[in-house]
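Readers should treat all values here as calculations from the given coordinates under stated rules, not as data from a laboratory. Keep in mind the model is a prediction, meaning the values are calculated, not measured. Cβ sites come from the backbone with ideal geometry, for glycine too, and all protein chains shown count toward neighbours.
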Protein chains: 2
Amino acid sequence: MYPNLVKHILKYVSLNEEEIQILLKYIKPLSVRKKVNLLKEGQICKSLYFVEKGCMRLFFVDDKGVEQITQFAIENWWMSDFTSFNTQSPSQFYIQPVENSVLYVVEHHLREQLFQELPQLERYFRLIIEKAYSASQIRFKYLYNFSKVESFHHFSTLFPEFIQRIPQYMLASYLGFTPEYLSEIRKNRL
Amino acid sequence: MYPNLVKHILKYVSLNEEEIQILLKYIKPLSVRKKVNLLKEGQICKSLYFVEKGCMRLFFVDDKGVEQITQFAIENWWMSDFTSFNTQSPSQFYIQPVENSVLYVVEHHLREQLFQELPQLERYFRLIIEKAYSASQIRFKYLYNFSKVESFHHFSTLFPEFIQRIPQYMLASYLGFTPEYLSEIRKNRL
């Protein structure tokens with residue numbers, strides 16, 4: 001049985017058995033406990049993380065010391081700080097598992113070698129990142145356009161299971177609410 | 001003399017003279033007058049636009065009929081609605097030149113063929129889109145973290161020439177202000 005990551009890649013590009021064996025040399029499984037930082041502000045992001053099982057969050061800490069979540073990743077999503085990863089410069093973010101998770105990791109110093117051995121992976125990452133970028137374009141629209149209540153209802157409709165899965169204070173942070181405000185919305189008072 | 005687009009591509013990947021001649025068959029120059037829509041809400045986005053000279057904006061029209069700008073592109077940037085382009089589904093956005101502009105266009109139905117003839121272009125687009133996506137990750141941070149006044153000062157510091165170049169009501173729209181509020185900030189009253 002191949003990991004979900006291999007199945008995910010095979011949805012986008014073709015790899016024969018021999019090529020899959022090469023790929024498996026470049027992706028490393030990593031089990032992580034929830035709330036343990038994989039990346040901290042000021043550190044250089046050395047990895048791309050694929051969520052095989054579990055849930056991750058990307059956040060920053062604001063001037064008042066408050067954690068502000070800007071992104072989640074669940075199964076079959078990639079997570080990284082791409083600025084820090086691509087330029088190998090200190091990150092402005094933290095990456096942390098929300099649940100105990102199993103990840104597959106591609107290390108920065110191996111990715112170019114992977115592309116040379118399997119040029120199809122260059123295509124896979126181009127397709128994946130275009131998908132992520134196109135989602136960002138729409139998210140910017142929502143951030144400009146939606147009220148807080150609309151944001152919650154929209155997010156609930158798009159990702160109903162996700163809403164049940166993550167702690168409420170994290171959902172509130174992502175949506176830019178206080179936990180109290182979210183609680184009021186959920187009681188249908190707003 | 002090659003167009004800026006070719007020079008831009010050559011910064012990221014190698015192409016010999018023969019390959020550049022192939023590339024030139026796939027990119028078409030397009031002169032556009034300002035305020036003429038290249039894409040309207042409901043239309044399918046069929047092109048990726050590279051700004052050879054000029055300035056473009058991506059915006060949507062909200063429920064009240066107000067134009068809300070979410071993105072600009074100046075020289076050496078690409079502009080498209082990637083969701084509509086990649087899925088060939090109706091767009092939620094408008095694309096319009098802010099100034100009379102010269103663009104280079106890659107058509108949706110030719111891009112796969114381009115990648116087959118010149119696999120280096122797959123890499124070029126992977127690198128370009130990763131750069132755009134990493135900028136999005138940081139922009140989300142700013143949207144959560146900055147006050148309106150801070151947004152303006154940050155944007156002015158990063159892009160001083162750009163601030164002079166675009167109409168003030170467009171800058172206000174992008175930053176989520178009213179034009180009056182922006183005018184107050186610029187007079188250093190806020």
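Structure above, values below:
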item: Highest-MSF residue in chain B out of B:Leu30, B:Leu143, B:Leu121 [GNM, Cα springs under 10 Å]; result: B:Leu143
item: The range A:3-117 - convex hull of alpha carbons, volume per residue in Å³; result: 97 Å³
item: Selected from A:Tyr94, A:Tyr174, A:Tyr12 as most flexible by GNM, with chain A as the system and alpha-carbon contacts under 10 Å; result: A:Tyr12
item: Helix axis angle, B:17-26 relative to chain B longest principal axis, alpha carbon, degrees; result: 60 degrees
item: Relative contact order [Cα under 8 Å, 6+ residues apart], the range B:1-72, whole percent; result: 22 percent
item: Packing-based ranking, highest mean first, of B:133-141, B:157-165 given that Cβ atoms within 10 Å are counted; result: B:133-141, B:157-165
item: For B:Glu41, inter-copy label distances in nm, listed shortest first [label point 7 Å out on the Cα-Cβ vector]; result: 3.8
item: Candidates B:Arg33, B:Arg126, B:Arg57: whichever shows maximal mean-square fluctuation once chain B is modelled as a Gaussian network with Cα springs under 10 Å; result: B:Arg126
item: √(5λ) per eigenvalue of the Cα gyration tensor, the range A:132-190, largest first, Å; result: 20, 13, 10
item: Number of partner chain Cβ atoms within 10 Å, mean per residue of A:138-147; result: 5
item: Teacher prompt: A:Glu161 distances to equivalent labels in other copies, 7 Å Cα→Cβ, nm; result: 5.0
item: Charge tally in the Cβ shell below 13 Å around A:Phe155, where Lys, Arg are +1 and Asp, Glu are -1, A:Phe155 excluded; result: +2
item: Percent RCO, i.e. relative contact order, over chain B, from Cα pairs under 8 Å lying at least 6 residues apart; result: 24 percent
item: Using a 7 Å Cα-to-Cβ projection, A:Gln68 label spacings across copies, nm, ascending; result: 1.8
item: Acute angle (nearest 10 degrees) that the helix A:119-145 long axis makes with the longest principal axis of chain A, alpha-carbon atoms; result: 10 degrees
item: Shielding score for A:80-87, defined as the mean number of other chain Cβ atoms within 10 Å; result: 4
item: The protein assembly as shown: calculated mean residue ellipticity at 222 nm from DSSP helix runs of at least 4, using -39500 (n - 2.57); result: -15000 deg cm²/dmol
item: Averaged over B:117-128, number of beta-carbon atoms from partner chains that fall within 10 Å; result: 4
item: Positive-pole candidate from A:Trp78, A:Ser147, B:Asn16, dipole of the protein assembly as shown, charges at beta carbon; result: A:Ser147
item: 13 Å reach of a label modelled at B:Asn76, 7 Å along Cα-to-Cβ, counting backbone N of the range B:1-33; result: B:4-12
item: Overall form of the protein assembly as shown per C-alpha gyration tensor (a/c, 1.5; a/b vs b/c); result: oblate
item: Phi-based couplings in Hz for the range A:151-159 (Karplus 6.51, -1.76, 1.60; Gly and Pro marked x); result: 4, 4, 5, 5, 5, 4, 6, 6, 10
item: For A:Trp77, distant residues with modelled amide H under 5 Å away; result: A:Val51
item: Label-point separation in nm, B:Ile20 to A:Asn188, each point 7 Å along Cα→Cβ; result: 6.7 nm
item: Straight-distance crosslink candidates among lysines, where the alpha carbon sits under 21 Å from A:Lys46 and sequence neighbours closer than 8 are dropped; result: A:Lys25, A:Lys28, A:Lys34, A:Lys35, B:Lys131, B:Lys141
item: Inter-label distance for A:Asn100 and B:Ile163, nm, one decimal - labels placed 7 Å from Cα along Cα-to-Cβ; result: 5.2 nm
